[in-house]
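The values are calculated or read from the model by the stated rules, or taken from the named source; none is laboratory data. This is a predicted model, so every value here is computed, not measured. Cβ placement follows ideal geometry from the backbone for every residue including glycine, while neighbour counts extend to all protein chains displayed. Surface accessibility is based on the protein's heavy atoms, side chains included, excluding ligands, DNA and RNA. Shrake-Rupley method; radii C 1.70, N 1.55, O 1.52, S 1.80 Å.
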2 protein chains.
Amino acid sequence: MEKNKSLEAFFTEGYKRFRDGISIDCAIFGFHKEKLHVLLSKNIIITRWALPGGFVLKEENLEQAAKRITTERTGMDELFFRQFKTFGEPNRNIQKDLFDYNKFAEIAGFDVPQNTWMTQQSISIGYYAVSNLSESQPQIDIFNSECKWFPIDEIPSLGFDHEEILSEALHTLKIHLYHYPIGQTLLPDKFTLKEIKNLYEILSGKHLHASNFPNKLIGLGLIEKTEEKRNIGAHRAPTFYKFNQEVYEQMLKEGFVLV
Amino acid sequence: MEKNKSLEAFFTEGYKRFRDGISIDCAIFGFHKEKLHVLLSKNIIITRWALPGGFVLKEENLEQAAKRITTERTGMDELFFRQFKTFGEPNRNIQKDLFDYNKFAEIAGFDVPQNTWMTQQSISIGYYAVSNLSESQPQIDIFNSECKWFPIDEIPSLGFDHEEILSEALHTLKIHLYHYPIGQTLLPDKFTLKEIKNLYEILSGKHLHASNFPNKLIGLGLIEKTEEKRNIGAHRAPTFYKFNQEVYEQMLKEGFVLV
């Protein structure tokens, strides 16, 4: 097997470019066929599925790193994303007993290096993102053999502490629905009230009263009527709504309370 | 000036006990005379007020460290607390231009050491806590000359990036009111609906409809009627309520949606 030089360089030289002891893990959510999905990549070091992640360049702040990583992995640069929690169990970093040494050497063409910046104690900062799945182009990085979307009810067993990270991401997403304008990046420019209600039902995992979320979003000025209607039958032409961009930008910064 | 040996040892030997590149900063909130207060300590290195903070022992996880730090600084061990955000601007750590070298040398009896684990790039994990101010006994640590409560509308200019950290803590607290049982550690065991409403008004910074929060908390089963009434006049005897401990513990873990 030919040696994977870029992977080896990452282990031995990465500390020159990246900040030590910190990684970023991203729970990237999307929609497909009325189901919430999450993007996973198959890690060649532990040969298991995991959340996409990466490291922070020395000159970057955490948000810039998270944005770069989610964009690299989805091919999209207009995602809604938020930091949700930092994970720092003393033994959470890459553990020797997680490694399949033989498998790694077979894929990488070199043995797992010991005592590098990559194998020291580290904490991970969790970001979640909400994206339009249909426009995404999932990309592997040098640590992955595959990268693809999984329906939220068909998630395989995850490596590292990523089951906990995903669970916390979902918990935060469900709270943030009531405080940040999460829907916009998932809906088309114009949508009916039924469409936005369905979206919030899927995101919240709850059956909602028909006018619950939509009316509250209208009350805030976040979504507003357009002149257009969707023509779906002789006597049925629901009005299209759209996000008010100015209110959206403000709510993104300041948040709101949807009660 | 006699050399402060424990402070010097912290700079030069601390890396043996503490995790590198991570600190914890705590926004500890309390109540006094119907006003929200925050605990600040005066840092002798930068000679400015700042949020109390500390470092993570090698064997601790982040929550254990935050709990130890808040307990050490308040003298109380039953606080409601939550992680809210991690701060990691590349230049956010102790900067040379922040130091008042002369003042430091005067207080500490030695010059500020250069290039130690303390003066490298670091990130800070923010926790907020909600405490019963009247039971607290604020304590300084080796980095502080004073530690005391400030009303939220009389906060002095803060050192490091702590104005941003405090602002984010307040923002998160106001969101969490709708999702976690934050009131319990601030109220007496038994309280009237008016008392809990006042508390939520102060915490949220909003004028609330008389039955808004309290009725929703009753609906969740989180607070419940007792047999007792407060006798405040001939025809006025409001019923005492208390938290249901079982529901409280569950809500603390799982959260709720107060809508």
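Data for the structure
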quantity: Student exercise, the protein assembly as shown dipole from Lys, Arg, Asp, Glu Cβ charges, in Debye to nearest 20; calculated: 1340 debye
quantity: Buried area at the A-B interface (accessible, heavy atoms, 1.4 Å probe, summed, Å²); calculated: 2300 Å²
quantity: Spread of Cα-to-Cα distances over 20 Å intervals beginning at zero, given as percent, for the protein assembly as shown; calculated: 19, 49, 28, 3, 0
quantity: Farthest toward positive dipole pole in the protein assembly as shown [+1 Lys/Arg, -1 Asp/Glu at C-beta], among A:Q114, B:N231, A:N61; calculated: B:N231
quantity: With every protein chain in place, the protein assembly as shown: carbon and sulfur % of accessible area (1.4 Å); calculated: 47 percent
quantity: Interface residues in segment A:176-194 - accessible area drops by 40 Å² or more relative to the isolated chain, probe 1.4 Å; calculated: A:Y178, A:H179
quantity: Shortest-first distances to equivalent copies, position B:Y15, nm, label 7 Å out along Cβ; calculated: 1.0
quantity: Evaluated at q = 0.10, 0.15, 0.20 Å⁻¹: base-10 log I(q)/I(0), Debye formula over Cα of segment A:54-141; calculated: -0.36, -0.77, -1.08
quantity: Per-copy distances of the A:N4 label point, shortest first, in nm (7 angstrom along Cα→Cβ); calculated: 5.0
quantity: Approximate shape of segment A:183-254 as ellipsoid semi-axes (Cα gyration tensor, √5λ), whole Å, largest first; calculated: 21, 16, 10
quantity: Solvent-accessible area per residue for the protein assembly as shown (1.4 angstrom probe, square angstrom); calculated: 48 Å²
quantity: Calculated label separations, B:I107, copies of the chain, 7 Å along the beta-carbon direction, nm; calculated: 5.1
quantity: Set B:K5/B:K58; A:K35/A:K174; A:K206/A:K253; B:K35/B:K67; A:K206/B:K85 screened for pairs whose C-alpha atoms are more than 18 Å apart; calculated: B:K5/B:K58; A:K206/A:K253; B:K35/B:K67; A:K206/B:K85
quantity: Interface residues, segment B:20-44 - accessible area loss of 50 Å² or more versus chain alone, probe 1.4 Å; calculated: none
quantity: Scattering curve values for chain A, log₁₀ I(q)/I(0), Debye with Cα scatterers, q = 0.09 Å⁻¹; calculated: -0.46
quantity: Trypsin sites (Lys or Arg not before Pro) restricted to DSSP loop in segment A:13-103 with at most 15 other C-beta within 10 Å; calculated: A:R17, A:K33, A:K58
quantity: All lysines inside 25 Å of B:K229 as judged from Cα atoms, apart from same-chain residues fewer than 8 positions distant; calculated: B:K33, B:K190, B:K194, B:K197, B:K216, B:K242
quantity: Debye, to nearest 20: dipole size of segment A:183-254, +1 on Lys, Arg Cβ, -1 on Asp, Glu Cβ; calculated: 340 debye
